[in-house]
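The values are calculated or read from the model by the stated rules, or taken from the named source; none is laboratory data. All figures in this text were calculated on a predicted structure; none of them were measured in a lab. All Cβ positions, even for glycine, are placed from backbone atoms using ideal geometry, and neighbour counts span all protein chains on display. Just the protein is used for accessible areas: all its heavy atoms, side chains included, with ligands, DNA and RNA removed. Shrake-Rupley method; radii C 1.70, N 1.55, O 1.52, S 1.80 Å.
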Amino acid sequence: MAVTVETHATLIDAARALGSSGATYLGGGTVVMRGINAGEVQGRIVRSADPALRQVGLSGDTIRIGAGVTMAQIAAHRELAFLHPVARAVGGPQVREMATVGGNLFAPHPYGDFAVALLALGARAVPATGGGALPLEDLLRDRRRGGLVAAVEVPRPRDPRAFGWLKVSRVKPKGVSVLSIAACLPRETGRIRGARVAFGAMGPSPMRSAAVERVLEGQSLDAATIARAAQVAAEGLEPPTDSIASSWYRREVAGVHLRRLLEGMA
Amino acid sequence: MTMKPVTFTLNGATKAAFTTDGQNLLDFLRRGVGDLSPKYGCGQGTCGSCTVLVDGAPQLACLVLAETVEGKRVETAAGLAAGARLHPLQEAFMDRFAAQCGYCTPGMLMAAKALLERNPRPTRDEVIEAIGGNICRCTGYEPIIAAILDVSQGRVRA
Ligand SMILES: Cc1cc2nc3c(=O)[nH]c(=O)nc-3n(C[C@H](O)[C@H](O)[C@H](O)COP(=O)(O)OP(=O)(O)OC[C@H]3O[C@@H](n4cnc5c(N)ncnc54)[C@H](O)[C@@H]3O)c2cc1C
Ligand code: FES
Ligand code: FES
């Protein structure tokens with residue numbers, strides 16, 4: 001087994017050790033260990049035992065979730081109730097004890113269900129090397145250049161009913177995604193202001209749907225608006241074909257599931 | 001190959017053994033420590049047969065880096081019985097014919113133990129959820145669910 005493992009006390013040390021060396025960062029390991037077991041991941045493995053990685057902090061309307069926080073931790077955190085259904089949709093119980101928020105941002109297709117929700121919520125990624133937080137869409141656009149993430153900052157939706165989430169899988173409850181959808185639709189006097197809709201497993205990484213957001217913005221969530229949104233659901237997305245579903249199938253059903261989600265939020 | 005010493009407790013007893021770089025906990029327990037109760041099914045996190053408890057939480061030993069259990073508490077199915085007396089879950093699995101080939105059984109038992117420690121009176125749906133990460137190719141799951149409910153509802157002699 002041609003790997004060496006280095007453990008660093010602080011995240012900043014781990015970030016320095018990673019540099020641009022091509023080493024692999026190990027979070028919860030649910031993806032990386034698989035690669036090591038199969039001999040596909042080799043070379044230097046960098047990890048950190050920094051306790052800050054596992055912290056959840058609340059300040060005003062922003063929640064800071066350490067990159068090493070697990071899905072099980074999220075699902076047990078009282079202040080994070082709006083994220084419980086999302087965390088519970090990631091793998092089985094054992095996977096959730098290990099799978100981290102940071103790892104979910106970088107997990108390859110069809111994974112990344114939690115990242116889909118974070119994207120719709122307008123979360124930002126805090127780089128371990130310091131500097132300003134980065135909108136998640138920028139990070140997800142080119143994950144190879146992402147660098148080590150220390151935490152995500154999540155704006156807490158003012159009205160929890162403004163956030164909706166849906167995961168479609170063949171094996172329930174823990175199968176991987178045919179697709180997942182998250183929507184953040186804050187309303188002012190009945191009209192949607194600042195619509196954000198994100199899809200998982202509908203592209204190489206979680207993606208926002210500009211077409212759906214355009215249809216929803218400024219509208220009330222009535223039957224006609226929902227029908228128009230469903231019609232453009234797959235526009236601009238590039239769903240891959242894999243063992244779960246074909247690209248064609250994902251395109252066909254995206255509108256159906258989007259409609260169900262929006263009807264539930266109306 | 002670097003050898004790293006790891007000290008941890010296994011089923012209550014302190015153990016010290018060497019792990020190699022990149023070795024997973026399943027391989028370490030089976031080959032390094034000699035606990036053969038966690039089973040190797042897939043090595044990629046999908047079957048659950050390697051489930052052990054790390055500090056009380058159910059984890060997939062095939063995806064845990066062995067050196068990360070330093071100072072932690074690991075529990076496996078080998079530690080369930082108290083001497084000759086079986087754990088109530090083991091009794092119930094026997095009574096209900098919840099083990100056939102038995103390959104999934106140690107992982108199922110540990111997933112069930114984790115559930116009952118957190119939630120001693122689970123509903124049937126909560127039992128199904130708790131073993132949702134463990135694949136069984138023989139029993140059809142119903143006997144396993146019944147056995148776990150027997151223990152939680154106090155129907156097991158032990
Ligand atoms: C059986 C099974 C079922 C699964 N089901 C689902 C599912 O339903 N939905 C889903 O979304 N995922 C699923 N996964 C995939 C995976 O468990 C999750 O996506 C998880 O959140 C990944 O986190 P991790 O900490 O385990 O990642 P790791 O394996 O540690 O890392 C994954 C990638 O992220 C990088 N990384 C990790 N942390 C950071 C960080 N802080 N900064 C920068 N890069 C980082 C790593 O270098 C690596 O490239 C499943 C996995 C398994 C084995
Ligand atoms: S061997 Fe670990 S999950 Fe299959
Ligand atoms: S008893 Fe054979 S796999 Fe479960």
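Return the tail of the calculated pair distribution for the range B:1-140, meaning the percent of Cα-Cα pairs more than 21 Å apart.
Summing the P(r) of the range B:1-140 above 21 Å gives 40 percent of all pairs.
Counting only Cα, what are the radius of gyration and maximum Cα-Cα distance Dmax of the range A:52-155, in Å?
Using the Cα atoms of the range A:52-155, the pair Rg, Dmax is 12.4, 35 Å.
Which one of A:Ala14, B:Leu36, B:Ala147 is farthest out on the positive end of the charge dipole of the protein assembly as shown, using unit charges on Cβ (Lys, Arg +1; Asp, Glu -1) and the Cα centre as origin?
Most positive-ward Cα: B:Ala147.
Considering chain A as a Gaussian network with a 10 Å cut-off on Cα pairs, which listed residue, A:Ala49, A:Ala38, A:Ala123, attains the greatest mean-square fluctuation?
Fluctuation is largest for A:Ala38.
For chains A and B, what's the summed buried accessible area, probe 1.4 Å, to the nearest 100 square angstrom?
Between A and B, the summed buried area is about 2000 Å².
Residues with amide H under 5 Å of A:Val149's amide H, sequence separation 5 or more or different chain, H placed in the peptide plane at 1.01 Å from N; which?
Placed amide hydrogens put A:Ala128 under 5 Å from A:Val149.
So what J values fall out for the range B:59-69 if you push phi through Karplus, 6.51 cos²θ - 1.76 cosθ + 1.60 with θ = phi - 60°, rounded to Hz, Gly and Pro as x?
Values per residue, Gly and Pro as x: 9, 8, 4, 6, 10, 9, 6, 3, 5, 7, 8 Hz.
From the phi of every residue in the range A:212-219, what ³J(HN,Hα) in whole Hz does the Karplus formula 6.51 cos²θ - 1.76 cosθ + 1.60 yield, where θ is phi - 60° and glycine or proline is x?
Using θ = phi - 60°, the values come out as 5, 4, 4, 5, 7, 4, x, 9 Hz.
Please give the charge dipole size of chain A, origin at the Cα centre, charges +1 on K and R Cβ atoms and -1 on D and E Cβ atoms. Round to the nearest 20 debye.
Once rounded to the nearest 20, the dipole reads 340 debye.
Where Lys and Arg each count +1 and Asp and Glu each count -1, what net charge lies around A:Gln94 among other residues with Cβ under 15 Å from its Cβ?
+2
Of all accessible surface on the protein assembly as shown at a 1.4 Å probe, what whole percent is carbon and sulfur?
Percent of accessible area from carbon and sulfur atoms in the protein assembly as shown: 52.
At a Förster distance of 60 Å, what's the computed FRET efficiency of A:Thr129 paired with B:Arg155, Cβ-Cβ distance as r, to 0.05?
FRET efficiency, A:Thr129 to B:Arg155: 0.55.
What is the dipole size for the range A:135-266, taken about its Cα centre, with +1 at each Lys and Arg Cβ and -1 at each Asp and Glu Cβ, in debye to the nearest 20? Numbers along the way, then the final one.
Details: 22 positive and 14 negative charges, 65 e Å.
That gives a dipole near 320 debye.
Using the Cα centre as the reference, give the magnitude of the dipole from point charges on the C-beta atoms of the range B:20-158 (Lys, Arg: +1; Asp, Glu: -1; all else neutral), rounded to the nearest 20 debye.
So the magnitude is around 360 debye.
So what's the back-of-envelope 222 nm ellipticity for the protein assembly as shown, counting only DSSP H runs of four-plus at -39500 (n - 2.57) apiece and dividing by all residues, rounded to 500? Walk me through the numbers before you get to the answer.
Details: 15 runs with 127 residues, N = 424.
Rounded to the nearest 500, the figure is -8000 deg cm²/dmol.
Just the ratio, please: alpha-carbon radius of gyration of the range A:130-182 over 2.2 N^0.38 Å, N its number of residues.
Rg over 2.2 N^0.38 Å, computed on Cα atoms: 1.51.
Using the Karplus curve 6.51 cos²θ - 1.76 cosθ + 1.60 with θ = phi - 60°, what ³J(HN,Hα) values do you get for each residue of the range A:5-20, in whole Hz, with x for Gly and Pro?
10, 10, 10, 10, 5, 10, 5, 5, 5, 5, 4, 5, 5, 5, x, 10
Out of all DSSP beta bridges with both ends in the range A:1-157, state the antiparallel percent to the nearest 5.
Values: 16 of 24 bridges.
Bridges in the range A:1-157 that DSSP calls antiparallel: roughly 65 percent.
To check you understand DSSP bridge types, tell me what percent of the beta bridges within chain B (both residues inside) are antiparallel, rounded to 5.
Approximately 90 percent, going by the DSSP bridge assignments.
Between the alpha-carbon centers of the range A:48-65 and the range B:19-61, tell me the distance in whole angstrom.
If we compute the Cα centre of each part, the gap is 29 Å.
Picking from B:Gly132, B:Leu25, B:Gly56, whose Cα lies most toward the positive end of the charge dipole for the protein assembly as shown (charges on Cβ: Lys, Arg +1; Asp, Glu -1)?
Of the listed residues, the answer is B:Gly132.
Taking the 0 to 90 degree range and rounding to the nearest ten, how far is the long axis of helix A:247-265 tilted relative to the main principal axis of chain A, both from C-alpha atoms?
70 degrees
Strictly greater than 19 Å: what percent of every Cα pair in the range A:132-266 meets that?
Values: 4713 of 9045 pairs.
So the pairs more than 19 Å apart make up 52 percent of the total in the range A:132-266.
Which of the residue pairs B:Lys15/B:Lys39; A:Lys172/B:Lys72; A:Lys167/B:Lys113 have a Cα-Cα distance greater than 26 Å in the structure shown?
In this structure, A:Lys172/B:Lys72; A:Lys167/B:Lys113 lie more than 26 Å apart at Cα.
For chain A, what class follows from the C-alpha gyration tensor (a ≥ b ≥ c being the square roots of its eigenvalues): rounded when a/c is under 1.5, otherwise prolate if a/b is larger than b/c, else oblate?
Prolate.
Dividing the alpha-carbon Rg of the range B:16-73 by 2.2 N^0.38 Å yields what?
1.00
For chain B, what is the accessible area per residue in Å² when the probe is 1.4 Å?
With all protein chains present, chain B gives 45 Å² per residue.
Compute the Rg to Rh ratio over the range A:104-149 from the alpha carbon atoms, using the Kirkwood formula for Rh, and round to two decimal places. Please list the in-between numbers first.
Numbers: Rg = 10.1 Å, Rh = 10.7 Å.
Rg divided by Rh gives 0.94.
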